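Asks: What follows is a single structure, and I will ask about it in a moment.
The values are calculated or read from the model by the stated rules, or taken from the named source; none is laboratory data. Note that the coordinates shown come from a computational prediction; the quantities given were computed from them, not determined experimentally. A quick note on method: Cβ atoms are made from the backbone with ideal geometry, for glycine too, and the neighbour counts reach across all protein chains shown. Areas reflect the complete protein model, heavy atoms only, side chains present, ligands, DNA and RNA absent. Shrake-Rupley method; radii C 1.70, N 1.55, O 1.52, S 1.80 Å.
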Amino acid sequence: MRTVTIVGASLSGLYAARELRAQGFDGRLVIVGEEPHRPYDRPPLSKDFLTGRTGEDRLALTDAEETAGLDAEWLLGVRARGLDTRGRTVLLDDGRTVSTDGVVIATGATARRLPGDHLTGVHTLRTLDDARALRADLARGPRRVVVIGGGFIGAETASSCARLGHAVTVVEAAPLPLVPQLGPETAAVCAALHRRGGVELITGTGVGGLHGAAAVTGVALSDGRTLPADTVIVGIGAAPATSWLLGSTLALHDGVLCDDGCATALPQVVAVGDVARVGGTRAEHWTSATEQPRVAVTNLLAGRTLATVRTLPYFWSDQYGSRIQFAGHRRDGDTVRLTEGECTDDGPGEAGFLARYERDGRTVAVLGVDRPRAFLRARRELQRDERERAVPAAL
């Protein structure tokens, strides 16, 4: 393999580049990125960057020394518009083509949008440019902020806006925020954190549309109410960035379909990160984006699947001064047991808490709020148990 092209100058794309060099690939390495920026850390965008406590220089994931060591051709500010799998060519929006022997798809996901969100004052928060625009908007003075969606991005952004002194309302269609991730028993904790932070939370109600001529003035709810708004943040999830692959021979269904080793049906193409549906699951988490590239690159260089991903799902979220950490495989019907700390209708106690999700007599997931050491121990136990269960299956 003489040339490998990574499409997506993302976290997972950068890790793939590192793995290629670490695993001995010394050929031509091309990295294509739609944004003009080199890889940067996205989690701070909704938190410290938005509140001004972190500058852009702290977001960079690489420095000049590492960039030189990777010895890659960076094609930034240009979007891939197609993949000719038969001719092994990546087609770019500016008319250029990149001939390649191997491809790592790392294009991530794009923020879902609402009809009418072209109005001034309406934002999504996925990229550095998104965060720049929102931060500038919030700096104009006291704003009436409506956040649509109570997921991680919505909750973290609402927390940051409240910290900056703005009047914030969160609208969540589900009965509680983060129910799919945490389950109904513990999702109430997140609702309590919103209340503690002085943020109004409206649940069980959808959004009917946005009001305004040039600039947004309000959010129409499905129950007939209208919320006045100067700034609206749409946080209703993300869709895998696969449109550029339409017409290729790759199988697409809520992401690029891969086996357990991040390999597609084509031996010279692998996918990693938010865009990859690995073994039936697409995980939009930092951990997956950093762990998948090692296996993907191993299989790409071998031309077949030699290694598989065994990642224990893990995510964290910082909201209203609290850190929420979750690891494992939760299902509806699991028994939730509080094992450390305290949690009431008003939220977590002063020292936080640890909760275990149990199924058939064993712990399958764990949730920690402001309990980092206990959570780390419980997470390690889960990882050990998962490794032990995986060994007989591999024999």
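Asks: Is it the case that region 282-293 has a residue that's at positive phi and not charged (D, E, K, R)? Spell out the reasoning first.
Replies: The first filter runs over region 282-293 and keeps only residues at positive phi, leaving none.
Checking region 282-293: not a single residue is at positive phi and not charged (D, E, K, R).
Asks: Now for a different question. Would you check if Ala17 is part of a helix (DSSP H, G or I), closer than 20 Å to Gln292 by Cβ, open to solvent by less than 30 Å² (accessible area, probe 1.4 Å) and touching a residue at least 40 places away in the same chain (Cβ under 8 Å)?
Replies: Numbers: part of a helix (DSSP H, G or I): yes; closer than 20 Å to Gln292 by Cβ: yes; open to solvent by less than 30 Å² (accessible area, probe 1.4 Å): yes; touching a residue at least 40 places away in the same chain (Cβ under 8 Å): yes.
Yes; evaluated as a whole, the condition is true for this residue.
Asks: With the condition being closer than 27 Å to Ala238 by Cα, I'd like the strands (runs of 3 or more DSSP E) fully within region 60-131 carrying at least 2 qualifying residues. Show your work before the answer.
Replies: Working: elements: 73-76, 80-84, 89-92, 97-99, 102-105, 109-111.
The strands (runs of 3 or more DSSP E) meeting that bar are 73-76, 80-84, 89-92, 102-105, 109-111.
Asks: In the set Arg163, Arg196, which member is of a type in the set (D, E, K, R), in contact with an Asp or Glu (Cβ under 8 Å, 6 or more places away or on another chain) and not assigned by TED's automatic domain parsing to the domain that holds Gly349? Walk me through it before giving the result.
Replies: Working: Arg163 fails: in contact with an Asp or Glu (Cβ under 8 Å, 6 or more places away or on another chain).
Being of a type in the set (D, E, K, R), in contact with an Asp or Glu (Cβ under 8 Å, 6 or more places away or on another chain) and not assigned by TED's automatic domain parsing to the domain that holds Gly349 holds for just one of Arg163, Arg196, which is Arg196.
Asks: OK, next. Would you confirm whether any residue within region 35-56 is over 24 Å from the mean Cα position of the chain (by Cα), in a helix (DSSP H, G or I) and under 29 Å from Leu125 (Cα atoms)? Even if it seems obvious, please write down each step before you answer.
Replies: Step one: filter region 35-56 for residues over 24 Å from the mean Cα position of the chain (by Cα), giving none.
Checked region 35-56: no residue is over 24 Å from the mean Cα position of the chain (by Cα), in a helix (DSSP H, G or I) and under 29 Å from Leu125 (Cα atoms).
Asks: Among the listed residues Gly33, Gly27, Gly55, identify the single one that is at pLDDT below 95 and assigned by TED's automatic domain parsing to the domain that holds Asp101. Working first, answer last.
Replies: Values: Gly33 fails: at pLDDT below 95; Gly27 fails: at pLDDT below 95.
Only one candidate passes the filter, namely Gly55.
Asks: Residue pairs, Cβ under 9 Å, 6 or more apart or interchain, first in region 248-271 and surrounded by fewer than 17 Cβ atoms within 10 Å (Cβ to Cβ), second part of a loop (DSSP other than H, G, I, E, B) and of a type in the set (Asp, Glu). List them.
Replies: From region 248-271, the pairs are Ala265/Asp259; Gln268/Asp101.
Asks: Listed residues Leu301, Leu312; which is open to solvent by 50 Å² or more (accessible area, probe 1.4 Å), farther than 30 Å from Thr51 by Cα and either touching a residue at least 40 places away in the same chain (Cβ under 8 Å) or outside any strand (DSSP E or B) (or both)?
Replies: On the way: Leu312 fails: open to solvent by 50 Å² or more (accessible area, probe 1.4 Å).
It is Leu301.
Asks: Pairs only if they're at least six apart or on different chains, beta carbon under 9 angstrom, first in region 1-12 and at pLDDT below 95, second open to solvent by 20 Å² or more (accessible area, probe 1.4 Å) and hydrophobic (A, V, I, L, M, F, W, C); list them, first residue then second.
Replies: Final answer for the pair search is Met1/Leu301.
Asks: Moving on. What do you reckon, is Gly247 in contact with a strand residue (DSSP E or B) (Cβ under 7 Å, 6 or more places away or on another chain), at pLDDT below 95 and not in a strand (DSSP E or B)? Spell out the reasoning first.
Replies: Values: in contact with a strand residue (DSSP E or B) (Cβ under 7 Å, 6 or more places away or on another chain): yes; at pLDDT below 95: yes; not in a strand (DSSP E or B): yes.
The answer is yes for Gly247.
Asks: Here is a further query. Take Gly208 and tell me if it is open to solvent by 50 Å² or more (accessible area, probe 1.4 Å), in contact with a Ser or Thr (Cβ under 8 Å, 6 or more places away or on another chain) and without any contact (Cβ under 8 Å) to a residue 24 or more places away in the chain. Show your work before the answer.
Replies: Values: open to solvent by 50 Å² or more (accessible area, probe 1.4 Å): yes; in contact with a Ser or Thr (Cβ under 8 Å, 6 or more places away or on another chain): yes; without any contact (Cβ under 8 Å) to a residue 24 or more places away in the chain: yes.
So Gly208 passes the test.
Asks: If you go through region 160-169 one residue at a time, do you hit one that is part of a helix (DSSP H, G or I), polar (S, T, N, Q) and modelled with pLDDT of 95 or more? Walk me through it before giving the result.
Replies: Kept after step one, since they are part of a helix (DSSP H, G or I), are these residues of region 160-169: 160-163.
With polar (S, T, N, Q) added as a condition, the list becomes 160.
So of that shortlist, the ones also modelled with pLDDT of 95 or more come out as 160.
Yes, there is a match, as at least one residue in region 160-169 is part of a helix (DSSP H, G or I), polar (S, T, N, Q) and modelled with pLDDT of 95 or more.
Asks: Next question, about the same structure. Do you know which of the residues in region 83-102 that are in contact with a Lys or Arg (Cβ under 8 Å, 6 or more places away or on another chain) and either in contact (Cβ under 8 Å) with a residue 60 or more places away in the chain or among the aliphatic types (A, V, I, L, M) (or both) is farthest from Ala276 (Cα to Cα)? Lay out the reasoning, then the answer.
Replies: Residues of region 83-102 in contact with a Lys or Arg (Cβ under 8 Å, 6 or more places away or on another chain): 91-93, 99-101.
Applying the additional criterion that residues be either in contact (Cβ under 8 Å) with a residue 60 or more places away in the chain or among the aliphatic types (A, V, I, L, M) (or both) yields 91-92, 99-101.
Numbers: Leu91: 20, Leu92: 21, Ser99: 22, Thr100: 20, Asp101: 20 Å.
Ranking the qualifying residues of region 83-102, first place goes to Ser99.
Asks: Can I ask one more? Which number in (1) of a type in the set (Gly, Ala, Ser); (2) closer than 19 Å to Arg42 by Cβ; (3) open to solvent by 10 Å² or more (accessible area, probe 1.4 Å) marks the one condition that Gly198 misses?
Replies: Every condition holds for Gly198 apart from (2).
Asks: So, one more: Could you tell me which of the residues Val336, Val369 is open to solvent by 20 Å² or more (accessible area, probe 1.4 Å), farther than 30 Å from Asp259 by Cα and touching a residue at least 40 places away in the same chain (Cβ under 8 Å)? It would help to see each step written out before you state the result.
Replies: Values: Val369 fails: open to solvent by 20 Å² or more (accessible area, probe 1.4 Å).
Selected residue: Val336, the only one of Val336, Val369 that is open to solvent by 20 Å² or more (accessible area, probe 1.4 Å), farther than 30 Å from Asp259 by Cα and touching a residue at least 40 places away in the same chain (Cβ under 8 Å).
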